[in-house]
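> What follows is a single structure, and I will ask about it in a moment.
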């Protein structure tokens, strides 16, 4: 196993999980050759801007309610702080008071710092940040610049531990180290596992729910709470707006479960390995099959299978007929999906539940295995159970590639997730698109009904898509659309 | 002294890629890490391009260790094939400059390509996105416009410079309104940013009779450069004209400087002011009778908005300035001149200027000052909670900008002043009255 909390940093996904960012083939072929490990690693000789592990790591940690972030970098890397207003809105939606400040500072590295280093200033910034805001923990993030010039973040923990009475956790997330931004999840969770989580003093009646926004849309949080009540447990939603104290006690929970496989592999397995909290290995709770698998696997660990089975049956009676009614209208409709490595396969499964024809799935990266050595559950399910074979590709947000595919495939609908802006490129081509912005979009039977309706309405009224596609020009040359999408793949 | 950026209000020089994106069909080619483009795209919108369509080398460990020149070459070469662009501008980031890639050399190999390929060093540690904006414009002047002859000067043609694309939340509308004002004077505006303004507009730049810079400091280097290269005189008008007082002064100044018939200018001003005051008359009781209205204000903003809004609220609305905080990391050489601008209000009113990028200290000072009642805070979204804590009135005007969606509105001109009043007094209206 790749989890070793004695190490200062966690290896990147390319090295730890055999993850890849370039592939083109079919899903069955991909399965037959045993996932990423069976394919030749490719790189690209043309690429577009992706995202970095630093942004991913800080984006996660920034959402902790009472921690501070110190970014050891030039000003641009700290721009995530500008989203503090959105954080406030989310915190309010979750019923908490917005924080008085963003608690986000930056050492603002300049040209001379790249020559002489800036560790002393960084220490001052950390002390000043503590004095100003009295956070319950301070996460100190490295950047490309601090990494290239070799700043030693580990040493500051030792130097400051007598001055600052709260945990100071270095986060190793230099952007150039990995092409997979999801490595940033692991960097963030490594810091939490190593510096924040304490050994359990007792067991509580809680379940760690590792998710993103915490079920703020459509009040889906209430649906999670309802299910958990049947199991007689209480969820701790992490990380968004969780307190440092809550994080310290994650070890006391009865289980960890997640809405996203790519998000949770390191943390879920880490909490299990280091603190003995069982990690639920299941499909993610999207669509009927995923929800039932998620709920029942958790129920099994909690010894509540009977109660949950009954609860699911009651709910299903209400919602399944309504889902079927809309699914009938979508039967045979052709779809393309582009999302993260876990969501893409989870949503492919849902569209198949609706009887839709999947033409192509693109994942923003693909993990060969998770931290416990298992194949990602959603992918495994597709390989073993899907009646369809379809084109499958991996690209880390390479817009020119999936636009090329999209134009060729010309599906009835394009279903995508973050980054939010992705949806417009399909609509500009005249292809209706739906953005699965919230992770609870298709949560449970109720969410699945909401989702199937949304897809149907998206396909039904194409007016906006029709109009915009007639009035805008895509930024690509016609030549490009005539080339295969994998034109710029090169051997590593 | 500790160098601390608390609540960042600008990004690094690479943020100049938003300036490139603002030129229609100009393609930035970023030679930096995989996350840099997303991090510095603080305007957060897409248009012809979006964050994920920007060509980028996504520099990794290999390029840091062995250099990234080869990768840059490949990405430029293939950008020219894939991307439908009229001009390609290579922007370098921190890592590639620290490891010493010879970017000029790589870009030089494309000097004979059909589309111009330029390069600008925009390493994050070298400056801010506002400075980067000026460097991009200089690169267009030095590496493209100076290399060939674009034709003789065109009578009445005026290049407009000033708002920094995407950093100024209203930049598109502001440019459009500046163009409209120039057009109303019988001149022909030329701008290289916004609404389909692209390479044809760039090609017109050397042919203009005048350059007009409407900003307190950024762009000054550009208009001086244009004067040197093409002999074009420039007018530096530091204030974005908002509302009647400033817009009329703007029209008179521009008219005089660019030889417009003063009768025409005065007739225009009379007509516009009459219209403006029709609307002011209909609304003004609310401005002054409202319990939540303010007498004193502070701006916490980039220099352009701090100055323009201060002049509007003092010279048009009769308010009194408290301290004005300028937050975009203005280079020190401009401090004195900017301070002087804040000493030229009506009735010899002056305002104290504080240059700071430390949100914590700014907020402490505001909390300690007395505003003779409800403070009016015109700032970034960071000031929203502060204003609420002080029972003040808040309008978001500067980066980081949130709360309002700007599609095509502007605060510039007579209409812009009215729009500003609508936005501000909507906030006042929604409070206890």
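> Evaluate region B:258-265: report whether one residue or more is more than 28 Å from residue B:301 (Cα to Cα), buried (at least 23 other Cβ atoms within 10 Å of the Cβ) and in contact with a strand residue (DSSP E or B) (Cβ under 6 Å, 6 or more places away or on another chain).
no
> Please give the helices (runs of 4 or more DSSP H) falling wholly within region B:358-433 in which 3 or more residues are under 29 Å from residue B:285 (Cβ atoms) and within 14 Å of chain A (Cβ to nearest Cβ).
B:383-389
> Does residue A:283 count as in contact (Cβ under 8 Å) with a residue 40 or more places away in the chain, buried (at least 21 other Cβ atoms within 10 Å of the Cβ) and assigned to a loop (DSSP other than H, G, I, E, B)?
Against the criterion (in contact (Cβ under 8 Å) with a residue 40 or more places away in the chain, buried (at least 21 other Cβ atoms within 10 Å of the Cβ) and assigned to a loop (DSSP other than H, G, I, E, B)), residue A:283 qualifies.
Residue-by-condition table, conditions (1) facing chain A (nearest Cβ under 7 Å); (2) surrounded by 23 or more Cβ atoms within 10 Å (Cβ to Cβ):
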position: B:1; (1), (2): no, no
position: B:11; (1), (2): yes, yes
position: B:14; (1), (2): yes, yes
position: B:25; (1), (2): no, no
position: B:32; (1), (2): no, yes
position: B:40; (1), (2): yes, yes
position: B:51; (1), (2): yes, yes
position: B:55; (1), (2): yes, yes
position: B:70; (1), (2): no, no
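> Another question about this same structure. Here is a list of conditions, (1) away from chain A (no Cβ under 12 Å); (2) within 31 Å of the chain's Cα centre (by Cα); (3) outside any helix (DSSP H, G or I), and residue B:107 meets all of them except one; can you say which number that is?
The failed condition is (3).
> In the set A:187, A:182, A:141, which member is in contact with a strand residue (DSSP E or B) (Cβ under 6 Å, 6 or more places away or on another chain), within 14 Å of another protein chain (Cβ to nearest Cβ), modelled with pLDDT of 95 or more and within 20 Å of residue A:371 (Cβ to Cβ)?
None of the other options fit; the residue is A:187.
> Within region A:78-91, can one find any residue that is buried (at least 24 other Cβ atoms within 10 Å of the Cβ), more than 9 Å from chain B (Cβ to nearest Cβ) and assigned to a helix (DSSP H, G or I)?
No, because not a single residue in region A:78-91 is buried (at least 24 other Cβ atoms within 10 Å of the Cβ), more than 9 Å from chain B (Cβ to nearest Cβ) and assigned to a helix (DSSP H, G or I).
> Among the residues of region A:465-481, which ones are loosely packed, with under 11 Cβ neighbours inside 10 Å and away from every other protein chain (no Cβ under 11 Å)?
Across region A:465-481, the qualifying residues are A:470, A:471.
> Here is a follow-up. Just checking, does region A:183-202 include any residue being farther than 21 Å from residue A:65 by Cα and under 19 Å from the mean Cα position of the chain (by Cα)?
yes
> Please work out which residue is farthest from the chain's Cα centre (by Cα), limiting yourself to region A:8-45 and to residues that are part of a loop (DSSP other than H, G, I, E, B) and crowded, with 19+ Cβ neighbours inside 10 Å.
Per the stated criteria, the residue is A:39.
> crowded, with 20+ Cβ neighbours inside 10 Å, more than 23 Å from the chain's Cα centre (by Cα), outside the structural domain of residue B:168 (by TED's automatic domain parsing) and part of a helix (DSSP H, G or I) - does that describe any residue in region B:296-315?
no
> Considering only region A:58-75, I want to know if a residue exists there that is facing chain B (nearest Cβ under 7 Å) and modelled with pLDDT of 95 or more.
yes
> Moving to a separate point now. Which of the residues spanning region B:318-333 are buried (at least 21 other Cβ atoms within 10 Å of the Cβ) and out of contact with any strand residue (DSSP E or B) (no Cβ under 9 Å at 6 or more places or on another chain)?
The answer is none; no residue qualifies.
> Now for a separate question. Being over 20 Å from residue B:151 (Cβ atoms), buried (at least 23 other Cβ atoms within 10 Å of the Cβ), in contact with a strand residue (DSSP E or B) (Cβ under 7 Å, 6 or more places away or on another chain) and not assigned by TED's automatic domain parsing to the domain that holds residue B:141 narrows it down to one of B:226, B:240, B:220, so name that one.
Step by step, each of B:226, B:240, B:220 is checked, and only B:240 is over 20 Å from residue B:151 (Cβ atoms), buried (at least 23 other Cβ atoms within 10 Å of the Cβ), in contact with a strand residue (DSSP E or B) (Cβ under 7 Å, 6 or more places away or on another chain) and not assigned by TED's automatic domain parsing to the domain that holds residue B:141.
Residue by residue, here is whether (1) touching a strand residue (DSSP E or B) at 6+ places or on another chain (Cβ under 9 Å); (2) at pLDDT below 95; (3) not assigned by TED's automatic domain parsing to the domain that holds residue B:300 holds:
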residue: B:357; (1), (2), (3): yes, yes, no
residue: B:364; (1), (2), (3): no, no, no
residue: B:379; (1), (2), (3): yes, no, no
residue: B:398; (1), (2), (3): yes, no, no
residue: B:405; (1), (2), (3): no, yes, no
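> Also, quick follow-up: Just checking, how many residues over region B:58-68 are more than 7 Å from every other protein chain (Cβ to nearest Cβ) and surrounded by 21 or more Cβ atoms within 10 Å (Cβ to Cβ)?
Number satisfying all stated conditions: 2.
> Pick from region A:92-125 the residues that are in contact (Cβ under 8 Å) with a residue 24 or more places away in the chain and either more than 10 Å from chain B (Cβ to nearest Cβ) or assigned to a strand (DSSP E or B) (or both): which of them is surrounded by the fewest Cβ atoms within 10 Å (Cβ to Cβ)?
Among them, the one singled out is A:96.
> Next question. Taking residue A:456 as the residue in question, decide whether it is more than 14 Å from chain B (Cβ to nearest Cβ), in contact (Cβ under 8 Å) with a residue 12 or more places away in the chain and within 20 Å of the chain's Cα centre (by Cα).
no
> Could we say that residue A:332 is assigned to a helix (DSSP H, G or I) and either without any contact (Cβ under 8 Å) to a residue 40 or more places away in the chain or not assigned by TED's automatic domain parsing to the domain that holds residue A:454 (or both) here?
Criteria not met by residue A:332.
> Right, another one. For region B:58-71, state whether one or more residues are touching a residue at least 60 places away in the same chain (Cβ under 8 Å) and in contact with a helix residue (DSSP H, G or I) (Cβ under 7 Å, 6 or more places away or on another chain).
no
> Any residue at all in region B:274-290 that is touching a strand residue (DSSP E or B) at 6+ places or on another chain (Cβ under 6 Å), closer than 23 Å to residue B:310 by Cβ and touching a residue at least 24 places away in the same chain (Cβ under 8 Å)?
Among the residues of region B:274-290, not one is touching a strand residue (DSSP E or B) at 6+ places or on another chain (Cβ under 6 Å), closer than 23 Å to residue B:310 by Cβ and touching a residue at least 24 places away in the same chain (Cβ under 8 Å), which makes the answer no.
> Of everything in region B:80-95, what is part of a helix (DSSP H, G or I) and more than 7 Å from every other protein chain (Cβ to nearest Cβ)? Give them in sequence order.
Within region B:80-95, B:80 is the sole residue that qualifies.
> A further question follows. If a residue must be surrounded by 16 or more Cβ atoms within 10 Å (Cβ to Cβ) and part of a loop (DSSP other than H, G, I, E, B), how many such residues does region A:132-148 contain?
4
The values are calculated or read from the model by the stated rules, or taken from the named source; none is laboratory data. As the structure is a computational prediction, the values presented were derived from the model and not from experiment. Don't worry about glycine lacking a Cβ; one is built from the backbone with ideal geometry, like all the others, and counts go over all protein chains shown.
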